[in-house]
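One structure is given here, and the rest of the page talks about it.
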Amino acid sequence: MAPHNPALSESNDIDYDVVVVGAGMGGIYATHTYTEDGLSVLGLEGAAGVGGVWYHNRYPGARVDVESFYYSYFFDKDLYKEWKWTERYPAQPEILAYLDHVAERFHVKEKFQFNTWMSGAQWDPAGNRYTVTTDKGDTYTCRYLVMTSGQLSKPRKPSFEGLDDFQGEWVQTSQWPDRHIELEGKRIAIIGTGSSGVQAIPILAEAASHLTVFHRTANYSIPANNSPLDQAKYDDFAGRLDEVWEEVVHHPGAAPIPMPSRAAADYTPEEQQARLEECWSYGGHSMNLVFTDQGTNKDVNDIVSEFVRNKIRTIVDDPDVAETLVPTEYPIGSRRLCVVTGFYKTFIRDNVTLVDVKSDPIIKITPTGIQTQNGHIEVDLIVFALGFNAFTGALDEANITNEEGKHPSDLWKRGPRTYLGLMTTGFPNLFIITGPGSPSVLANMIVCNVQHVDFVGDIISHMHEHHYNRVEPTLDAQDSWTEHVAEVASKLLRLNVENYMVHVNKDDNSRVFQPYAGGFPAYVQRCEEVIANDFEGFDFK
Ligand code: NAP
C-alpha cells in the first residue's frame with residue numbers, strides 16, 4: 001500500500017485531492033485506499049447506490065462468470081474471511097450486497113455523492129487541477145481525476161424505428177430498473193444473445209406466457225456448472241490469503257482456473273476428446289483453455305469449436321433450431337465466451353421461439369409488437385440486451401477536456417492510445433482505471449481494478465514525495481506501449497472477429513485490439529518495472 005500522503009487540498013485551494021467517478025468495484029476500493037493514504041476524496045456516482053455495473057445490471061439471471069473465491073477483494077483478510085458467498089458463481093443481488101457491505105464497512109459511502117452524474121471536467125493548466133461539474137450544477141476542483149467508470153458501463157441504446165410508439169413496456173438488461181418488472185404471463189421479446197441476453201433468456205422463459213428470442217450471431221455459450229459454494233475450499237483460501245493472492249496475480253486471467261499445458265498435437269484424438277470433456281465439465285471459461293494453441297491455430301480452434309457445436313446439437317432437440325443456435329461465424333474464444341445456466345435447454349420449451357434476424361430482419365417496432373420481414377409478433381414487454389459502448393462510452397459521457405479543449409476520444413480516432421491503459425498523453429493527472437491498453441475485460445475485473453488503483457496510489461505518492469504537480473505519459477512511452485499492445489494481439493484469431501474489443505477503422509479496415517492480451521502477470525511485471533525504474537515513461541512536473 002502507498003505511504004501516507006498529506007491532503008493537498010488543505011494547503012492548495014483545491015476542493016479535493018481526488019475525485020473518483022463511479023462507485024463500482026474500482027471506485028469503492030479507490031475511495032477507501034486514497035482516504036487511507038490521507039488524501040481528501042470526493043466520489044461521484046449517477047446511481048442511487050454503490051455497485052456500478054452490479055447496480056445497473058439487475059436483470060433476471062445476471063450473475064458473474066468468475067468464481068467467487070477470486071471475485072472478491074483480497075486487501076483485507078477479515079473481510080475475506082467473514083463474507084459468506086453462497087454460490088460458486090454468485091448472482092447479481094449477492095454481488096451487489098457484497099459491494100454494499102464493503103462500502104459500508106470501509107466508510108466509503110459517506111465520501112460519495114449519489115444520484116449525481118459528472119457532466120464535465122476541464123483541465124486547468126495554470127492551477128494543475130480539474131474543474132469538475134455535475135448534473136446537479138455543482139462545481140469542484142481536484143488535483144487528480146480517477147475514472148472508475150468502467151469499460152462496459154454505457155449501454156448501446158436501442159435505435160429501432162417505432163420504439164417511441166410501442167404501447168407495451170421496454171427495458172434494457174444493462175439498465176434494468178430498480179423496481180418490479182412484471183414478467184409473469186407476459187408475451188416477452190428479447191433482442192440480443194451476448195453474455196447478458198443468454199443469462200436472462202432461461203429466467204424470462206420460465207415466467208413468460210411466450211418468449212421470442214431475436215438473435216443475430218450465434219455465440220458459444222458454455223454451461224457454468226454453478227453449484228453451492230465449497231465452504232471448505234473458501235475457508236482454506238481465507239486461511240492462506242497471501243498465497244492465494246500470489247496465485248491470482250500470476251494467472252493470465254487473474255482467476256486461477258486450470259491452464260492448458262499442452263498443444264492439441266501433443267494428444268491423440270481420443271485424449272483430445274477426453275480433455276475437451278474435462279473442460280466442458282469444469283465449465284465456463286475453461287473451454288478457452290483446452291489446448292495451449294487454440295487461440296492462435298485455426299485448425300486446433302476448429303476441434304474445440306466443433307466439440308461445442310456438437311454439444312449444442314445434443315441438447316436442442318429440434319435440428320433446425322439447433323443449427324440456428326450453432327455458432328459458425330467465428331472461432332471459439334475470439335469473442336468473449338458466454339457462460340450460462342440452462343440456456344440451450346430453454347429452446348426445448350413450447351413457449352419459446354427463436355428468430356434469426358439475419359434471415360428474418362426486424363423491420364420496426366409497432367405499437368403492439370415487432371414487425372419482421374416475415375411477420376408480426378405481438379408482445380407486452382421488449383428486453384434489449386444490445387451490449388455497451390465499450391471502452392470509450394463512459395469516458396465520452398464524462399466529457400473530460402484537456403488544455404486544448406479536446407476529449408480523449410478526439411485523439412483516439414484510430415483506436416485508443418494509452419500508456420499501460422492507465423493514462424493518455426495530453427491529459428495530465430487523469431487516471432483511467434482498467435482502461436484500454438490494460439488487461440481490463442480479459443481478466444478478473446475486481447483484481448484489475450485493485451492493481452490499477454494501487455498503481456495510481458504509488459504514482460501520487462511519488463508526486464508528493466518530489467513535490468510534483470502534474471503527470472502524464474511521454475509520447476514515446478505511449479507510442480511504444482500502444483505498439484506493444486498491437487503486437488501482442490496481432491497473432492490472435494480474435495483480432496479479426498467483429499466484437500466490442502476490436503476498434504475498426506472503416507477507411508482502411510485496420511483493426512485495433514483494445515485490451516492488453518499479454519496476460520495479467522506480464523502486465524503487472526511491466527508496471528512493477530516502471531515503478532522500479534523511477535516511473536519511467538511518465539513525465540512529472
Ligand atoms: P454483447 O456481448 O455486446 O451482446 C450484444 C448482443 O446484442 C449481441 O447478441 C448482438 O448481436 C446483439 N445486437 C446488438 N445490436 C443488435 C441489433 N441492432 N439487432 C439485433 N441484435 C443486436 O453485450 P452483453 O451481452 O451485454 O455482454 C457484454 C459484456 O459484458 C460481456 O462480454 C462480458 O464481458 C460482460 N458481461 C458479463 C457477464 C457475466 O459475467 N456473466 C454477464 C453480462 C455481461 P451480434 O453478436 O450480431 O452483434
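The values are calculated or read from the model by the stated rules, or taken from the named source; none is laboratory data. Since the model is a prediction, treat every value here as computed from it, not as a measurement. With ideal geometry, Cβ positions are generated from the backbone for all residues, glycine too; neighbour counts draw on all protein chains shown. What goes into the accessible areas is simple: the full protein's heavy atoms, side chains included, and nothing from ligands, DNA or RNA. Shrake-Rupley method; radii C 1.70, N 1.55, O 1.52, S 1.80 Å.
For the range 57-89, the set of residues classified as open to solvent by 10 Å² or more (accessible area, probe 1.4 Å) and farther than 23 Å from GLY284 by Cβ consists of PHE75, ASP76, LYS77, ASP78, LYS81, GLU82, listed by residue number.
Give me the residue from the range 132-163 that is open to solvent by 50 Å² or more (accessible area, probe 1.4 Å) and among the hydroxyl-bearing types (Ser, Thr, Tyr) and, out of that set, nearest to the ligand (Cβ to nearest atom). Here the answer is SER159.
Using the structure shown, decide if ILE531 is in contact with a helix residue (DSSP H, G or I) (Cβ under 8 Å, 6 or more places away or on another chain), open to solvent by 10 Å² or more (accessible area, probe 1.4 Å), among the hydrophobic types (A, V, I, L, M, F, W, C) and assigned to a helix (DSSP H, G or I). Considered against the rule, which asks whether it is in contact with a helix residue (DSSP H, G or I) (Cβ under 8 Å, 6 or more places away or on another chain), open to solvent by 10 Å² or more (accessible area, probe 1.4 Å), among the hydrophobic types (A, V, I, L, M, F, W, C) and assigned to a helix (DSSP H, G or I), ILE531 comes out as yes.
Where strands (runs of 3 or more DSSP E) sit wholly within the range 358-400, those with at least 3 residues that are at pLDDT 95 or above and hydrophobic (A, V, I, L, M, F, W, C) occupy 362-365, 381-384. Counted as qualifying within the range 164-262 are the strands (runs of 3 or more DSSP E) with 3 or more residues that are aliphatic (A, V, I, L, M) and either open to solvent by less than 20 Å² (accessible area, probe 1.4 Å) or within 16 Å of the ligand (Cβ to nearest atom) (or both), namely 187-191. Among the residues making up the range 387-408, those that are within 19 Å of the chain's Cα centre (by Cα) and open to solvent by less than 40 Å² (accessible area, probe 1.4 Å) are GLY387, PHE388, ALA390, PHE391, THR392, GLY393, ALA394, LEU395, ALA398. Those strands (runs of 3 or more DSSP E) of the range 419-515 in which 2 or more residues are more than 22 Å from the chain's Cα centre (by Cα) occupy 471-473. Of all residues in the range 206-243, those being touching a Pro at 6+ places or on another chain (Cβ under 8 Å) and β-branched (Val, Ile, Thr) number 1.
On inspection, GLY137 qualifies as in a loop (DSSP other than H, G, I, E, B) and more than 28 Å from the chain's Cα centre (by Cα).
When the residues of the range 1-28 are filtered to those that are in a helix (DSSP H, G or I) and open to solvent by 10 Å² or more (accessible area, probe 1.4 Å), the one that is modelled with the highest pLDDT is MET25. Just one residue in the set THR324, THR346, THR296 is of a type in the set (S, T, N, Q), within 16 Å of the ligand (Cβ to nearest atom) and either under 20 Å from GLU498 (Cα atoms) or in contact with a Phe, Trp or Tyr (Cβ under 9 Å, 6 or more places away or on another chain) (or both); that residue is THR324. Scanning the range 46-97 for residues being under 18 Å from ALA385 (Cα atoms) and in a loop (DSSP other than H, G, I, E, B) gives a total of 9.
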